[in-house]
Amino acid sequence: LVSNGLTRADRFAIVAFDNNVETRLAVTTMDNDGKKKALEAVANLQSGGSTNLSGGLLQGIDLLSKHAAGSSGTNRALLLFTDGMANNGITEPSAIVAAAQGAMTASPCTIFTFGFGADHQEDLLRSLAESTNGLYYFVERSEDIPTSFADCLGGLVSVVAQNATLTLEGVDHTVLAEAHCPYKCEALDGGRLAISLGDLYSEDEKDIVLSVKLPQLPAPRPEAAVAMRASIRYFSVAASAIEEVSCTLQLSRPATTPADQPA
């Protein structure tokens, strides 16, 4: 990650945690001198005692928060790497997730989690990642580590949209009952629904399942009609401007289901 992934435009820090939590590298620009310091810090990492995962996580979030001022338009990411169970500090998974969310109230960041081997808490790492629109990686062997880091870093450097919000609106008495997804959802006036998607990456796809209530019709309607409007508003990294794109969902409601109708 340090040698091949980061550039002079990046800043990087390292927090080590076992039963103790220690910042081994302060937030440092990754020029030649910075990379040398980072590699020295990596070389000095050793396995230690118990796993104060919450302490390491919160320390990392705090480091990012302190350097958030004046860094709008940049990506702030925390990569959490562990091979064990949280058995020191805060140990309850839901409490760790809540603590992380509380620590990020003023300065959100994306958490990517890496669970090494069979003894880590997958549910905890997955929840931490999903709560910030990040990703969870299961690292089965040490040989898998470079691939996982490369995938994570590739996503970070290919962010095309930031602070993306998807707004959905029912048309012609269509009611949006619920969105089944890990993203923050907010009910707006007029029966609209706003879903916060966070950052979007190049070639990224998001699947959101919706429960929709359609009005009863007095007769079949074989022709297509608009049932829902959708718009997504985001900061375009390429254009350095706020952009918005819209589309509609059209439904036909014939008397009988067509034979070639997909489920």
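The values are calculated or read from the model by the stated rules, or taken from the named source; none is laboratory data. Just so it is clear, the structure is predicted and the values come from calculations on it, not from any experiment. Ideal geometry is used to build each Cβ from the backbone, glycine not excepted, and the neighbour counts take in all protein chains shown. Keep in mind that these areas ignore ligands, DNA and RNA; they rest on the heavy atoms of the full protein, side chains included. Shrake-Rupley method; radii C 1.70, N 1.55, O 1.52, S 1.80 Å.
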Requested in this report: Quote the charge dipole size of the chain about the Cα centre in Debye, to the nearest 20; the model charges only the Cβ of Lys and Arg (+1) and of Asp and Glu (-1).
Outcome: 580 debye
Query raised in the report: What's the carbon and sulfur percent of segment 1-59's accessible surface, probe 1.4 angstrom, rounded to a whole number?
Result: 42 percent
Report task. For segment 128-140, just list the computed ³J(HN,Hα) in residue order, Karplus coefficients 6.51, -1.76 and 1.60, θ = phi - 60°, integers in Hz, with x standing in for Gly and Pro. Result -> 4, 5, 5, 5, 10, 6, x, 10, 10, 10, 8, 9, 6
Query raised in the report: Can you tell which of Ala179, Ala227, Ala43 shows the greatest fluctuation in a Gaussian network model of the chain with Cα springs below 10 Å?
Result: Ala43
Query - Reach of Lys37 by Cα under 28 Å, taken over lysines that are not fewer than 8 positions away in the same chain - result: Lys66
Report summary line: Which residues qualify? For Val171, with a placed amide H closer than 5 Å and at least 5 residues away or on another chain, they are Met228, Arg229
Report summary line: Taking placed amide H atoms and a strict 5 Å upper bound, the residues 5 or more places from Ser131 or on another chain that come that close are none
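For Val27 and Val171, what is the calculated FRET efficiency with R₀ set at 51 Å and r taken between the beta-carbons, to the nearest 0.05?
Efficiency, rounded to the nearest 0.05: 0.60.
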Requested in this report: With springs only between Cα atoms under 10 Å apart, run a GNM on the chain and tell me which of Ala219, Ala164, Ala230 wobbles the most.
Outcome: Ala219
Query - Listed peptides 151-158, 210-217 by packing density, highest first (mean Cβ within 10 Å) - result: 151-158, 210-217
Requested in this report: Give the long-range amide H neighbours of Val160: residues separated by 5 or more places, or on another chain, with amide H under 5 Å away, using H modelled in the peptide plane at 1.01 Å from N.
Outcome: Leu200, Tyr201, Ser202
Report task. Compare the Cα positions of Leu188, Pro218, Ser202 along the charge dipole of segment 177-219 (+1 at Cβ of Lys, Arg; -1 at Cβ of Asp, Glu; about the Cα centre) and return the one farthest towards the positive end. Result -> Pro218
Query - Correct choice for volume of the Cα convex hull per residue in Å³ that was computed from the model, options (1) 162; (2) 170; (3) 120 - result: (2)
Query - Degrees, to the nearest 10: 32-43 long Cα axis against longest axis of the chain - result: 80 degrees
